[in-house]
2 protein chains.
Amino acid sequence: MINKLNFNSYNKFIENKAYDAIVEEKKYIGYYTLPEQNIDSILAYCDSISTNIESIAVIGIGGSSLGAKAVYEFIKPVKNLKRKLYFSESTDPINIREILSKLDISKTHFLVISKSGNTIETFSIYKYIYSLQNNASAYTFITDPDSPLEKYANKINASVLYLPDNIGGRFSVLSTVGLVPLALCGIDIQALLNGAKRTKDSFFNDGYLKKILLEKASYYAKNHSQYHINCIFAYSDTLKYFCEWYVQLWGESLGKRQRNSAFNVGLTPIGLIGPKDQHSFLQLIMEGTRDKSVTFIKIEDFNNEMKIPNISLPHLEELDTLNNLSFAKLINMQCDSVMESLKTQKDIPLDSITLPCVDENTIGKLIYYYELLTSLVGELIDVDTYNQPGVETGKLILKKKLNAIIGK
Amino acid sequence: MINKLNFNSYNKFIENKAYDAIVEEKKYIGYYTLPEQNIDSILAYCDSISTNIESIAVIGIGGSSLGAKAVYEFIKPVKNLKRKLYFSESTDPINIREILSKLDISKTHFLVISKSGNTIETFSIYKYIYSLQNNASAYTFITDPDSPLEKYANKINASVLYLPDNIGGRFSVLSTVGLVPLALCGIDIQALLNGAKRTKDSFFNDGYLKKILLEKASYYAKNHSQYHINCIFAYSDTLKYFCEWYVQLWGESLGKRQRNSAFNVGLTPIGLIGPKDQHSFLQLIMEGTRDKSVTFIKIEDFNNEMKIPNISLPHLEELDTLNNLSFAKLINMQCDSVMESLKTQKDIPLDSITLPCVDENTIGKLIYYYELLTSLVGELIDVDTYNQPGVETGKLILKKKLNAIIGK
């Protein structure tokens, strides 16, 4: 993984301060230790699931689904996976019915994932599915130890797996929350963790990424009142759900009242997919308000020799320049061309990440890179990166409305 | 369709000016007249496609695909459609291979859509597919009259349909570009146009939407330097691709240098889906920088009686308040709760759109509403709503790179 910045931020004092803070919070924030975890128990659990099970359905929302989805959708198109993975994360009845129509319930294992054990969406869907399948062995629950959900699972004799301590949903993809559904589908979770470990080691052991991440984070933080929209422009459809994961990670971590001033700050994440969004969002980046940074992500080796055939179309000979070109080369040329066109503007902060290929190791590296970047920026813009107090009011209002219906 | 604004903008002078400008540009901008078009020739063309054809594949990108996709994905889950619709819009070889694996080429009709006739993505994919299927009757081309693409199509004896005059890609969903693929799948395009006509008449004949649209557009324009991120928060998965269409329409139309000052301005569109994004982007709206407006969209009647069963789970009795509630009611309560929670903040401009149900007429109304809103805001922030000069530089750079490869 190569990351090139097209901007500089020389403030060693700020960078060192951020690094020290991360080294300190590493002692108690749980996600930092995930790359080294022992996965034997997860693999043993996965082996215990019958080979008759053809599909895995995650019932969970937000941090309980976005990470696994990002990895699964990245790997799925290039690997022959042993099971299909579905995500039921909406209370939209049309969506629930559509997902159920794709599943053979008798050949599906359901993973019910909820840290707190009282997520409205998760349990409305769970109750509905439980009314169709009340065999406890069809379910595994992933939750906090000693939560009411653990007690429930024990009561009905269903399997329970635990979340490690001090890991919020959006930083949980490399814990049981992400690893269990991915391993059940045949994704190499050890390679995923190894990738994350590479990024971690490079950052904490004075490697290449320490310099890059500190420079990028301090640039973003220093300029966040101007460049407060941070776009990822990824040139592969396989990264579509990675972008959704990034949106949650970045938005929910960095959109906060500041710890000391209580001032509302925030960096707005946008996920774009090239070349599609060249025909959509690019115009706004190129000519709109100068409030956006752009990180291009491209894949060096698609492991795909598919070429544009050597066909000349009468009256369209202009397009013969495409002939014999591989699609992989074309899409990367498109990425380079758009990046060069934005460079002509001078006042749009750009950087590029080149991923070596599409595999578990690669996405593990990228995930951990973004987790570290988020932690660093959160520290520098003075917010609590790991909480989300802003979503509580809506939950309380809903609770009142629900109580009002039953006359409580 | 009901739209309630939670903000006011009383500036009759500005509103009248915007209205007069729209009435004037209606004389030459093509999309305004689309709701009244006669669709007999489109329906006759669709009848000419063999009933053996099971799938329609659109080869097109941006404005050539996003509109049809928005309507198709809205209607598909609730209607038994006669054909499946696919979109090939990426040069990512992994994506091309994945789409082809889903198609039986011998039972697929391909719609190649390109206004100019030289879109790189469209023709690289077309050449590839043509190398697998070189029967001209498997293709229909949609392009401008007298374009090189029309000449090519005539040369190989394939069908050609035309784009009406003066309609840019992102305003073309109600023209042949969107109507042909949708009608081929059995979507009621007359109902779609009738919905659009309702919005149009309400706006141009002094109806309810005239007041609302003018007030909303003038508020957005007047406050665009503060509230320059405009979120749609739609409470139904069926609106996911509508949001993508909106992102192109809004971003590419309104991210521009101003006509008179050449100053970079722009309104940044964000599409969110509830309740999923309550667990992602909501925190940023609630506690982040005050630069976002939010439009909630909900569906009044999901025509779906699916209920949460009356099941009490031991240790999770707290969740019994959900029992017997319909999912449709729950998702709308979630929408209301989040909206109320944001109202507590006072400085976040909100409005809500309630759609009556999921059908063609409804999405037609909503599409035309957003087209009119875009035209109004574009007029008021002084940009040319209908061009996209910012995407040309990247195309030229790519062309140079392609020429360099073949040594031109």
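Some observations on this one:
- Filter pass, A:K329 being closer than 28 Å to A:L192 by Cα, more than 7 Å from chain B (Cβ to nearest Cβ) and of a type in the set (K, R): yes
- Hits in region A:203-233 (condition: among the polar types (S, T, N, Q), out of contact with any strand residue (DSSP E or B) (no Cβ under 9 Å at 6 or more places or on another chain) and in a loop (DSSP other than H, G, I, E, B)): A:N205, A:Q226
- In region B:247-285, of all residues being polar (S, T, N, Q) and part of a helix (DSSP H, G or I), the one that is farthest from the other protein chains (Cβ to nearest Cβ) corresponds to B:S253.
- Residue check, B:S50 out of contact with any Pro (no Cβ under 7 Å at 6 or more places or on another chain) and either buried (at least 20 other Cβ atoms within 10 Å of the Cβ) or not hydroxyl-bearing (S, T, Y) (or both): no
- Residues located in region A:367-395, provided they are over 30 Å from A:I14 (Cα atoms) and either in contact with an Asp or Glu (Cβ under 6 Å, 6 or more places away or on another chain) or facing another protein chain (nearest Cβ under 8 Å) (or both): A:V391, A:T393, A:G394, A:K395
- Filter result (among the β-branched types (V, I, T) and surrounded by fewer than 16 Cβ atoms within 10 Å (Cβ to Cβ)) within region A:380-408: A:I405, A:I406
- The condition (being farther than 30 Å from B:E252 by Cβ and more than 7 Å from every other protein chain (Cβ to nearest Cβ)) is satisfied by just one residue among B:E305, B:E360: B:E305.
- Condition met for B:G63 (surrounded by 20 or more Cβ atoms within 10 Å (Cβ to Cβ), at pLDDT below 95 and outside the structural domain of B:V377 (by TED's automatic domain parsing)): yes
- Members of region A:37-78 found to be assigned to a loop (DSSP other than H, G, I, E, B) and farther than 23 Å from A:A234 by Cα, listed by number: A:Q37, A:N38, A:I39, A:S48, A:I49, A:S50, A:T51, A:N52, A:I53, A:E54, A:G60, A:I61
- Counted residues, region B:70-86 - those being surrounded by fewer than 23 Cβ atoms within 10 Å (Cβ to Cβ) and closer than 21 Å to A:Q278 by Cα: 1
- Residues in region B:292-324 that are outside any loop (DSSP other than H, G, I, E, B) and among the hydrophobic types (A, V, I, L, M, F, W, C): B:V294, B:F296, B:I297, B:I299, B:L319, B:L322.
- Failed criterion for B:N154 (all others in (1) farther than 30 Å from A:K76 by Cα; (2) within 14 Å of another protein chain (Cβ to nearest Cβ); (3) touching a residue at least 12 places away in the same chain (Cβ under 8 Å) hold): (3)
- Scanning region B:292-328 for residues that are among the charged types (D, E, K, R), touching a strand residue (DSSP E or B) at 6+ places or on another chain (Cβ under 8 Å) and either surrounded by fewer than 20 Cβ atoms within 10 Å (Cβ to Cβ) or at pLDDT below 95 (or both) turns up B:E300, B:D301, B:E305.
- In this structure, B:L85 does not satisfy being out of contact with any Ser or Thr (no Cβ under 7 Å at 6 or more places or on another chain), of a type outside the set (S, T, N, Q) and within 11 Å of another protein chain (Cβ to nearest Cβ).
- Qualifying residue in region A:153-172 (condition: among the hydrophobic types (A, V, I, L, M, F, W, C), closer than 26 Å to B:S326 by Cα and modelled with pLDDT of 95 or more): yes
- Filtering A:K256, A:K276, A:K240, A:K211 for residues that are more than 17 Å from the chain's Cα centre (by Cα) and surrounded by fewer than 24 Cβ atoms within 10 Å (Cβ to Cβ) leaves a single hit, A:K211.
- For A:F263, the conditions (1) in contact (Cβ under 8 Å) with a residue 12 or more places away in the chain; (2) closer than 16 Å to B:T289 by Cα; (3) surrounded by fewer than 22 Cβ atoms within 10 Å (Cβ to Cβ) are fulfilled apart from (1).
- So B:D277, is it under 29 Å from A:Y246 (Cα atoms), in the same structural domain as B:V383 (by TED's automatic domain parsing) and of a type in the set (D, E): yes
- Of residues in region A:96-129 being β-branched (V, I, T) and touching a strand residue (DSSP E or B) at 6+ places or on another chain (Cβ under 8 Å), the one surrounded by the most Cβ atoms within 10 Å (Cβ to Cβ): A:I113
- The lone criterion from (1) buried (at least 21 other Cβ atoms within 10 Å of the Cβ); (2) in contact with a Ser or Thr (Cβ under 8 Å, 6 or more places away or on another chain) left unmet by B:L174 is number (2).
- Among all residues of region A:357-374, there is none that is more than 30 Å from A:S202 (Cβ to Cβ) and buried (at least 22 other Cβ atoms within 10 Å of the Cβ).
- Residue match in region A:286-295 (condition: more than 7 Å from every other protein chain (Cβ to nearest Cβ) and in contact with a Cys (Cβ under 6 Å, 6 or more places away or on another chain)): yes
- Unmet criterion (only one of (1) touching a helix residue (DSSP H, G or I) at 6+ places or on another chain (Cβ under 9 Å); (2) free of Cβ contacts under 8 Å to residues at least 40 places away in the same chain) for B:I22: (2)
The values are calculated or read from the model by the stated rules, or taken from the named source; none is laboratory data. None of the values given here were measured: they were computed from a predicted structure. Cβ sites come from the backbone with ideal geometry, for glycine too, and all protein chains shown count toward neighbours.
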